[in-house]
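A.B. asks: The structure's right below; bear with me while I get my questions together.
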Amino acid sequence: MKKLWLRISLTFFLLLLGVLIAIGFFLVNLMKDTYIDMTREQLLENAQLMMKAIDITELYNDPPVLQEKISHFAHPIQPRFTIISENGTVLADSEDDPRQMDNHLNRPEVKGILQDGIQQGESIRFSETLDFKMMYVTVPLYKGNERIGIVRTAIALDMIEKSTKQLWFSLFIIIGVTLILSGMVSIRLAKGITRPIEEVVDVARRLTSKDYESRVTVKATGEIGQLSHAINVLASSLQKQMKEIQDHQQQLTSILSNMVSGVMLVNDAGIIQLINPAMEELIGQSQEELIGQLHTQIGEHFGLSERISYCIQSAEYIHEEIDINRSNERVFDAHFAPFIGENNRFKGVIIILHEITEIRRLEKVRSEFVANVSHELKTPITSVKGFSETLLDGAAEDEELRQSFLKIIHEESDRLHRLINDILNLSKIEQHKIPLQIETIDVTNLIYDTVETLQEEMTKKAITISLPGQESVLIEGEKDRVRQIILNLISNGITYTPKNGKISVKVIEHDHDIELIVSDTGIGIPEKEIPRVFERFYRVDKARTRHSGGTGLGLAIVKHLVESHHGKIKVDSIEGVGTTFIVTLPKKQP
Ligand code: ADP
């Protein structure tokens, strides 16, 4: 039986039922005994009375007369009287014909007196003749000192049967009502006791199923009250601890999900326990696929699994650079750190992959840049060195040679100067060292100014230039940088346009930006080279452009300058027909 209250009330109920039935039996027996005692007294008294009323000793030898006298006592509610002789013969009977009756020697109430000589016999038995229980009481009949027979009085005990039934019936009703009332009371009481216990049990059960908000609300005193209080304190402390754990977990999860580095945790059995989104991206497999799996399940593992196995076996820290070559090469700084738990127990390996592809790329670019710079510097320096040595070796004596050599030295040092200037400019812009000095610039004005400084070169090559109208177009930016953009583009136009060519500079205004379009009728750029012209030191035709005095840095500088103004640059070119550069710059907002 599950319910405690039911057990308590049922036990109480059964106990009460037992006690009530026992009381019932006791009462019925008491009543029976009392009734039988009273009946016995009454029968004895009646026997005495009858003996006084009739002189039995006189009539003893005349049974018909005795019978006649005795028959007067025959009455439904009176006891029955019987006179029995010493040999057991019925001499007279108040209710029956004595001649018809058996010898009574063997009747227990008669036997006791005749055989054992007791002064009072008694028997209760079922009377076949009358069909109910009878009580018989016998006393000896004396003549002087000599016993001459027995007087028996008897009465039906049907009354006692009826009363017992009546009593049982009453008791049944009393017991029933008592049981119903006491059952109700005991259920109430038992529930009152067990309700707090049940609630405590329920709260404990809910706590185990992670419902940390549940509390015991029932008010109880004593031990149960203390238990409820203890459970509530336990629940609050659990709730607080769980909250802390959840907060920590959330912090950890958000740190892990926002980390650029890939993180993975593998336990000492080699099972993957944790993977962050960066790691999912790196190894190209999702958390769902991998968590709970062996680390050897990492598909394209690029040696990761071997290193994890080694770390699990040796519990040693490994730090290595790993190359992954999937669609494009990526380089990772990989750490395999043993994860040590309490009691210095080895619990697994933490793997951290940090992508260093960009760092390695920049390092490569830088070293290429250094190589390029050295290479670019080498040519003018070699020629300055060579020609100056030749001059020193005596060529200076020859006026014509001296002039020509000095001119070359001058040109080469000019080139060196330009080169160094460009390199310095570029590196400053690239390092974002100089912040923009924003001012309002009239682009038209700036174009006119710049073209003026280039006039000489254009005249030399008989290049005609068409310029935009005089009306001002305002943008926001740094004047010198925008001037540099215009200068580099127009001077490239002059450089790469043969004699008698044409250059056109246009400014188109849009709502939010302007387009500066510089086009020429020059040699153009082969289609496959177009994407590379903005690279540093990149020249389409190295021999020719170096001869033209170009450093290969002009467009790289233009690109950086345009980007520092949050603008865009685009180039359209057809080899042998001409080139158009379109620069978009943000307009000054009213
Ligand atoms: P350079 O100093 O050599 O001109 P740039 O960076 O300015 O270097 O230009 C890179 C290369 O792009 C040039 O070497 C040249 O081959 C090509 N180029 C640039 N502008 C033009 C143009 N207007 N017409 C044809 N080719 C050009």
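Every number here is computed from the coordinates shown, using simple stated rules; none is lab data. In this text, all values refer to a predicted model and were calculated from it rather than measured experimentally. Glycine also receives a Cβ, built like all others from the backbone with ideal geometry; neighbour counts cover every protein chain displayed.
A.B. asks: For Tyr142 paired with Tyr317, estimate the spin-label separation in nm (one decimal), with each label point 7 Å from Cα along the Cα-to-Cβ line.
C.D. replies: About 12.7 nm, to one decimal.
A.B. asks: Add -39500 (n - 2.57) for each DSSP H run of 4 or more in the chain, then divide by its residues: what number comes out at 222 nm, to the nearest 500 deg cm²/dmol?
C.D. replies: Helix contribution divided over all residues of the chain: -17500 deg cm²/dmol.
A.B. asks: Under unit Cβ charges (Lys, Arg +1; Asp, Glu -1), what dipole magnitude, rounded to 20 debye, does the range 424-464 have relative to its Cα centre?
C.D. replies: Numbers: 4 positive and 7 negative charges, 47 e Å.
Its charge dipole is roughly 220 debye.
A.B. asks: Here is a further query. Considering only Gln403, Ile352, Pro380, whose Cα is most displaced toward the positive end of the charge dipole of the range 347-416, charges sitting on Cβ of Lys, Arg (+1) and Asp, Glu (-1)?
C.D. replies: Going by the Cα projections, it comes out as Ile352.
A.B. asks: Then there's this: Given H placed on each backbone N at 1.01 Å, which residues far from Phe339 in sequence or on other chains put an amide H within less than 5 Å of it?
C.D. replies: Lys347, Gly348, Val349, Ile350
A.B. asks: If you don't mind, there's one more thing I want to ask. What FRET efficiency comes out for Leu252 versus Lys568 if R0 is 45 angstrom and r is the Cβ-Cβ distance? Round to the nearest 0.05.
C.D. replies: Computed FRET efficiency for Leu252 and Lys568 comes out at 0.60.
A.B. asks: Please state the relative contact order of the range 435-478 as a whole percent: Cα pairs under 8 Å, 6+ residues apart? All intermediate terms of the calculation are to be shown ahead of the outcome.
C.D. replies: Working: 38 pairs, mean separation 32.3, N = 44.
Here the relative contact order equals 73 percent.
A.B. asks: Using the 10 angstrom Cβ neighbour count as an exposure proxy, how do Ser123, Ser573 rank, fewest first?
C.D. replies: Ser123, Ser573
A.B. asks: In bins 10 Å wide, starting from 0, what share of all Cα pairs of the range 482-528 does each bin hold, as a percent?
C.D. replies: 25, 46, 25, 4
A.B. asks: Next up: What does the range 197-317 give for Rg and for Dmax, in Å, if only its C-alpha atoms count?
C.D. replies: 22.1, 68
A.B. asks: Taking a quarter of the surface of the Cα convex hull of the range 406-516, what do you get in nm²?
C.D. replies: Approximately 8.4 nm², given one-decimal rounding.
A.B. asks: So how far apart, in nm, are the two label points at Ala230 and Leu189 if each is 7 Å from Cα heading toward Cβ?
C.D. replies: It works out to 2.6 nm between the two label points.
A.B. asks: Amide H of Ile124: which non-local residues (sequence gap of 5 or more, or other chain) have their own amide H closer than 5 Å, using H built in the peptide plane?
C.D. replies: Close amide H contacts, sequence-distant or interchain: Tyr136.
A.B. asks: Sort Ser427, Ser519 by Cβ crowding within 10 Å, fewest neighbours at the top.
C.D. replies: Starting with the residue having the fewest Cβ neighbours, the order is Ser427, Ser519.
A.B. asks: So for the range 464-571, averaging the separation of alpha carbon pairs under 8 Å that are six or more residues apart and normalising by length, what relative contact order in percent results?
C.D. replies: Relative contact order here is 26 percent.
A.B. asks: If you rank Met184, Met279, Met51 by fewest surrounding Cβ atoms within 10 Å, what's the result?
C.D. replies: By the 10 Å Cβ count, ascending: Met184, Met51, Met279.
A.B. asks: For the range 306-459, how many pairs of lysine residues have a Cα-Cα distance under 30 Å, where the two are 8 or more positions apart or belong to different chains?
C.D. replies: 8
A.B. asks: Short version: ³J(HN,Hα) in whole Hz for each residue of the range 579-590, in order, from phi by Karplus 6.51 cos²θ - 1.76 cosθ + 1.60 (θ = phi - 60°), x for Gly and Pro, what are they?
C.D. replies: 10, 10, 9, 10, 10, 9, 10, x, 7, 6, 8, x
A.B. asks: For Val473, list long-range residues whose amide hydrogen, built 1.01 Å from N in the peptide plane, is under 5 Å from its own amide hydrogen.
C.D. replies: Result for Val473 returns Val443, Thr444, Asn445.
A.B. asks: On to the next question. So what are the ³J(HN,Hα) numbers for the range 329-339, from phi and the Karplus equation (6.51, -1.76, 1.60; θ = phi - 60°), rounded to whole Hz, Gly and Pro as x?
C.D. replies: Per-residue couplings from phi come out as 6, 10, 10, 10, 8, 10, 10, 10, 10, x, 9 Hz.
A.B. asks: When only C-alpha pairs under 8 Å and at least 6 residues apart count, what is the relative contact order of the chain, in percent?
C.D. replies: Relative contact order comes out at 7 percent.
A.B. asks: Could you list log10 I(q)/I(0) for the chain at q = 0.05, 0.07 Å⁻¹, which the Debye formula gives when each Cα is one point scatterer?
C.D. replies: -0.59, -0.81
A.B. asks: What full-extension length gain, to one decimal in nm, is calculated for Thr178 and Ile197 as 0.36 nm per residue of separation minus the Cα-Cα distance?
C.D. replies: Numbers: separation 19, 0.36 × 19 = 6.84 nm, distance 2.82 nm.
Gain in length upon complete extension: 4.0 nm.
A.B. asks: If packing is taken as the mean number of other Cβ atoms within 10 Å per residue, what is the order of 576-588, 54-66, 243-255, 459-471, highest first? Please list the in-between numbers first.
C.D. replies: Working: 576-588: 18.5, 54-66: 15.5, 243-255: 10.5, 459-471: 12.4.
Descending packing order for the listed peptides: 576-588, 54-66, 459-471, 243-255.
A.B. asks: Moving on to the next point. Nearest 10 degrees, 0 to 90: what angle lies between the long axis of helix 399-430 and the longest principal axis of the chain (Cα atoms)?
C.D. replies: Once rounded, the angle reads 20 degrees.
A.B. asks: Computed over the Cα atoms of the range 362-453, what is the convex hull's projected area averaged over all directions, in nm²?
C.D. replies: The orientation-averaged projected area of the Cα hull of the range 362-453 comes to 9.3 nm².
A.B. asks: From the residues Gln250, Leu419, Ile475, which one has its Cα farthest along the dipole of the chain in the positive direction, the dipole being from +1 and -1 charges on Cβ of Lys/Arg and Asp/Glu about the Cα centre?
C.D. replies: Gln250
A.B. asks: Moving on. Choose one of Ala53, Gln78, Val65: the residue whose Cα lies farthest towards the positive end of the charge dipole of the range 1-87 (beta-carbon charges +1 Lys, Arg; -1 Asp, Glu; about the Cα centre).
C.D. replies: Checking the options against the dipole of the range 1-87, the answer is Gln78.
A.B. asks: Give the total of Lys-Lys pairs in the range 45-203 with Cα-Cα distances below 20 Å; include a pair only if its members are 8 or more places apart or on different chains.
C.D. replies: For the range 45-203, the number of qualifying lysine pairs is 7.
A.B. asks: Go through the range 260-273 residue by residue and turn each phi into a ³J(HN,Hα) via Karplus (6.51, -1.76, 1.60, θ = phi - 60°); whole Hz please, and just put x for glycine and proline.
C.D. replies: Once θ is set to phi - 60°, the couplings for the range 260-273 become 6, 7, x, 10, 9, 10, 10, 7, 5, 8, x, 8, 6, 9 Hz.
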